[in-house]
Every structure is written in structure tokens, then in C-alpha cells.
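Worksheet: the structure to be examined is printed underneath.
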Amino acid sequence: MTIAAGRDPNDWRPPLVLLVGLGQGRENLGAQVWRWLKRAEILAGGKRHLEAFPDFKGARILLEGPLEDFLQLVKKNSEEKRVAVLASGDPFFFGIGRRLASCLGKERLLTFPNTTSVQALFAALGEAWEDVTVLSLHGGARLSKPAHWLRAVREKSKVALFTDPHRTPAWVAQQLL
């Protein structure tokens, strides 16, 4: 993993890839991140993330379809161009960070994490969250062991579940019933 401290965005050369957590939106990005993003030649990410940058003039890589295809496009393009991958919150907290690091190699990533949705939720509630059990149902994670998350909901006082379009909050409620 490349450390951002002391790095100059003017020295950004491929195959280094910028990985940016947007937090709750682009308004959460600091000046240092903006200096790096202004140097990007390609933005990559989900539709919602890319739509947050309507004035970006460079190329875009949309995350749709199999994640592996997206990762390979990022890898190929980052050999020649400055690619910035946009993600939610902290990309290494149930995000794309692990898979991107595995595909590219940690040494090729410069990561700027941001506030996670779990942090934002508990801040809005005015509640501490160091004792929260956070699990993901996204993309079928842990579905081979549904008892794992069900047990956590039964046994823990605070549980946060990341859901997806198939395993929605309504689906979770139905499973709990």
C-alpha cells in the first residue's frame, strides 16, 4: 500500500492507481484528494459514483456486470493512464479495496479512505459504535452460513448489516420472522 503523506500528485505515474472513498458524497473530499483527482485521466466506479463527477472530461470505466471484468479493465488501463477508482466510504471496509489490491498488488494503490455508512449512521444517532458487529450480506457474502448473521442479530446488542438489491432490509426482516 502506498502512503499518501508526503506524495505529490504531480508525480503520479502509471501504473499507480488512486482509490478514493467518497464518504457520504463528493462534498466530503478534502483538498488533498481533489489535487489527486484533478490529475486523473480515467475515473472508474459504479454509476452513482461516476455521476457525482459530471464535469469530469476524461474517460470513464463503469462498474457493471462481473466485478472481475471491471478489475481487469482498471488493471489494463492503469498501465498507461492515471486511473482513479471511486468507492463508497472506506474502500477496505466491506468495499472494493481488497479485490482491487488482490488484482493490482497493494504497492500499486494509493488509497484515500473516507467515512463509512456505518460511521455516519451512528454519528447521526449520537451513539458510540465501537461495540457494533458489522456484517455484509452484499453479493451473497456469508450466505453459505445464514446462521452466522442471524446468530449475531440474536446475540449482539448492536448489529449493522450491509445489504444488496437481492438481500434487502425487507428480506432481512422476512428471515428474522
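Quick look at the values:
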{"quantity": "Neighbours by Cβ (under 8 Å, 6+ apart or cross-chain): first from segment 65-90, closer than 27 Å to Asp11 by Cβ; second surrounded by fewer than 12 Cβ atoms within 10 Å (Cβ to Cβ)", "calculated": "Phe70/Glu64; Arg82/Arg13"}
{"quantity": "For Leu143: the one exception among (1) open to solvent by less than 80 Å² (accessible area, probe 1.4 Å); (2) in a helix (DSSP H, G or I); (3) at pLDDT below 95", "calculated": "(2)"}
{"quantity": "Residue match in segment 2-10 (condition: touching a residue at least 24 places away in the same chain (Cβ under 8 Å), farther than 21 Å from Phe162 by Cα, in a strand (DSSP E or B) and not acidic (Asp, Glu))", "calculated": "yes"}
{"quantity": "Yes/no for Phe94 being in contact with a strand residue (DSSP E or B) (Cβ under 8 Å, 6 or more places away or on another chain), surrounded by 13 or more Cβ atoms within 10 Å (Cβ to Cβ), aromatic (Phe, Trp, Tyr) and on the phi > 0 side of the Ramachandran plot", "calculated": "yes"}
{"quantity": "Selection count where residues are crowded, with 21+ Cβ neighbours inside 10 Å and polar (S, T, N, Q), scope segment 97-127", "calculated": "3"}
{"quantity": "Single match in Leu63, Leu71 (criterion: open to solvent by 20 Å² or more (accessible area, probe 1.4 Å) and modelled with pLDDT of 95 or more)", "calculated": "Leu63"}
{"quantity": "Single match in Arg39, Arg26, Arg48 (criterion: open to solvent by less than 60 Å² (accessible area, probe 1.4 Å) and basic (Lys, Arg))", "calculated": "Arg39"}
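The values are calculated or read from the model by the stated rules, or taken from the named source; none is laboratory data. Every value quoted in this text rests on a predicted model; they were computed, and no experiment measured them. Ideal geometry is used to build each Cβ from the backbone, glycine not excepted, and the neighbour counts take in all protein chains shown. We work out accessible area using only protein heavy atoms, side chains counted, and drop any ligands, DNA or RNA first. Shrake-Rupley method; radii C 1.70, N 1.55, O 1.52, S 1.80 Å.
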